[in-house]
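Every number in this text was worked out from the coordinates using simple rules, so none of it is lab data. Note that the structure is a prediction, hence the values are computed from the model and not measured. Cβ coordinates were reconstructed from backbone atoms using ideal geometry, including for glycine residues, and neighbour counts include every protein chain displayed.
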Amino acid sequence: MAEINLSRIVKKYGDGFPAVNDVSLRIADGEFVILVGPSGSGKSTLLRMIVGLEDITDGELTIDGERANEKAPRDRGLAMVFQNYALYPHMTVFENIAFPLRLAKDLGEEEIRRKVEQAASMLELGEHLERKPANLSGGQRQRVAMGRAIVRDAKAFLFDEPLSNLDAKLRGQMRTEIARMQRRLGTTTVYVTHDQTEAMTLGDKVAVLKRGELQQYASPQELYDE
Ligand code: ADP
Ligand code: ADP
């Protein structure tokens with residue numbers, strides 16, 4: 001579980017207009033926050049700075065009270081959850097979830113099995129460990145992707161427009177899965193979308209970005225009432 005705090009964050013690429021300009025945001029432990037805004041408003045840049053894929057030009061990022069600006073991505077304890085195309089079609093669910101642990105090479109087979117089974121159970125995938133991704137529903141595939149983050153003990157999930165390439169039916173299914181699992185696990189989540197419906201239905205809070213600036217940060221209900 002993680003509290004993520006952004007204080008006056010700025011990102012400049014070259015000398016142009018800042019991609020992210022003076023954004024302050026407090027994401028409480030366990031909260032589900034949606035970053036919404038038009039294309040080019042800085043959502044992806046902000047997410048990438050949080051996870052450590054992009055340097056912060058100015059301002060401070062803290063994770064659980066510790067300054068994280070200079071921390072390597074793997075030391076931040078956060079996990080990007082990629083879309084289902086990131087699953088390996090020839091591997092079983094078990095092997096897909098175990099993949100990051102095998103890559104890290106610091107756990108024995110017993111411990112890997114224990115972690116994968118525990119994650120699968122939390123995600124209601126325990127019955128499907130020997131299946132291949134092609135034989136899962138879209139929602140189940142989404143949960144396998146989340147399983148990969150869980151086995152690495154991620155303190156927060158970060159999603160970057162996870163549903164943008166999917167058809168409407170699958171999108172609805174995945175949206176439901178993500179919301180359901182986030183509530184069940186209580187993991188802090190930051191979710192980027194340009195879809196207003198997703199923004200208004202999915203999260204506890206919505207951060208609205210425009211031209212790199214934070215326009216609003218409130219619950220969907222508060223935004224709706226305006
Ligand atoms: P969004 O995710 O809201 O679509 P981005 O964060 O991708 O917005 O982009 C914000 C602004 O920063 C845009 O003007 C974009 O062109 C610019 N930008 C993003 N990445 C880079 C980069 N690597 N180099 C230069 N400009 C970039
Ligand atoms: P997204 O907004 O979903 O991140 P984009 O298509 O805007 O997707 O960006 C894809 C990649 O290109 C990203 O790595 C981004 O940082 C980079 N990028 C975006 N805008 C620019 C830009 N103006 N100059 C250089 N790189 C850019």
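So which of Lys132/Lys155; Lys132/Lys169; Lys169/Lys205; Lys43/Lys210; Lys11/Lys43 end up more than 20 Å apart, counting from Cα to Cα? Going by Cα-Cα distance, Lys132/Lys155; Lys132/Lys169; Lys169/Lys205 fall outside the 20 Å limit.
Tell me, what is the percent relative contact order of the chain, built from C-alpha pairs under 8 Å that lie six or more residues apart? The value is 31 percent. Exposure proxy ranking for Ser219, Ser39, based on other Cβ atoms within 10 angstrom of each Cβ and starting from the fewest, stands as Ser39, Ser219. Considering only Gln173, Ala79, Gly126, the residue lying farthest towards the positive end of the dipole of the range 77-180 is Gln173, judged by Cα position with unit charges set on Cβ.
Once the Kirkwood radius over Cα pairs is known for the range 41-120, the Stokes-Einstein relation at 4 °C and 1.567 mPa s delivers a diffusion coefficient of 87 µm²/s. Adding -39500 (n - 2.57) for every DSSP H run of four residues or longer, then dividing by how many residues the chain holds, sets the calculated 222 nm ellipticity at -11000 deg cm²/dmol. A straight line joining the Cα centroids of the range 139-217 and the range 1-44 runs 16 Å. Converting phi to 3J(HN,Hα) with the Karplus coefficients 6.51, -1.76 and 1.60 and the offset θ = phi - 60°, the range 166-182 yields 9, 6, 4, 5, 5, 4, x, 4, 5, 4, 4, 4, 4, 5, 5, 6, 4 Hz in sequence order, with x at every glycine or proline. The slack between Arg131 and Tyr88, meaning 0.36 nm per residue of separation minus the straight C-alpha distance, is 14.3 nm.
Here the chain carries DSSP beta bridges of which approximately 50% are antiparallel, counting only pairs with both residues inside.
The Rg/Rh ratio of the chain, with Rg taken over Cα atoms and Rh as the Kirkwood radius over Cα pairs, comes to 0.97. Among Leu170, Leu202, the ranking by other beta carbons within 10 Å of each residue's beta carbon, starting with the fewest, stands as Leu170, Leu202. The charge dipole of the chain, taken about its Cα centre with unit charges on the Cβ of Lys, Arg, Asp and Glu (plus for the first two, minus for the last two), comes to roughly 520 debye.
Measuring nothing but how far apart in sequence close Cα pairs (under 8 Å, 6+ apart) lie, relative to its length, the range 1-97 scores a relative contact order of 28 percent. When each of Glu70, Glu226 is scored by the number of other beta-carbon atoms lying within 10 Å, the sequence from fewest to most is Glu226, Glu70.
In a Debye calculation with equal point scatterers on the alpha-carbon sites of the range 99-163 and no solvent, what is log10 I(q)/I(0) at q = 0.20, 0.25 Å⁻¹? Log-scaled intensity ratios, in q order: -0.85, -1.20.
Built from the Cα atoms of the range 137-204, the convex hull projects on average onto 4.3 nm², one quarter of its surface area. Dividing the radius of gyration of the alpha carbons in the range 1-85 by their Kirkwood radius gives 0.95 for Rg/Rh.
Kirkwood hydrodynamic radius of the range 94-226, from the reciprocal of the average inverse Cα-Cα distance over all distinct pairs: 16.3 Å.
Using θ = phi - 60° in the Karplus curve 6.51 cos²θ - 1.76 cosθ + 1.60, the 3J(HN,Hα) couplings for the range 153-160 round to 6, 4, 8, 8, 9, 10, 10, 10 Hz; x is entered for Gly and Pro. Taken one residue at a time, the phi angles of the range 199-206 give Karplus couplings (6.51, -1.76, 1.60, θ = phi - 60°) of 4, 7, 10, 8, x, 7, 9, 10 Hz. Gly and Pro are set to x.
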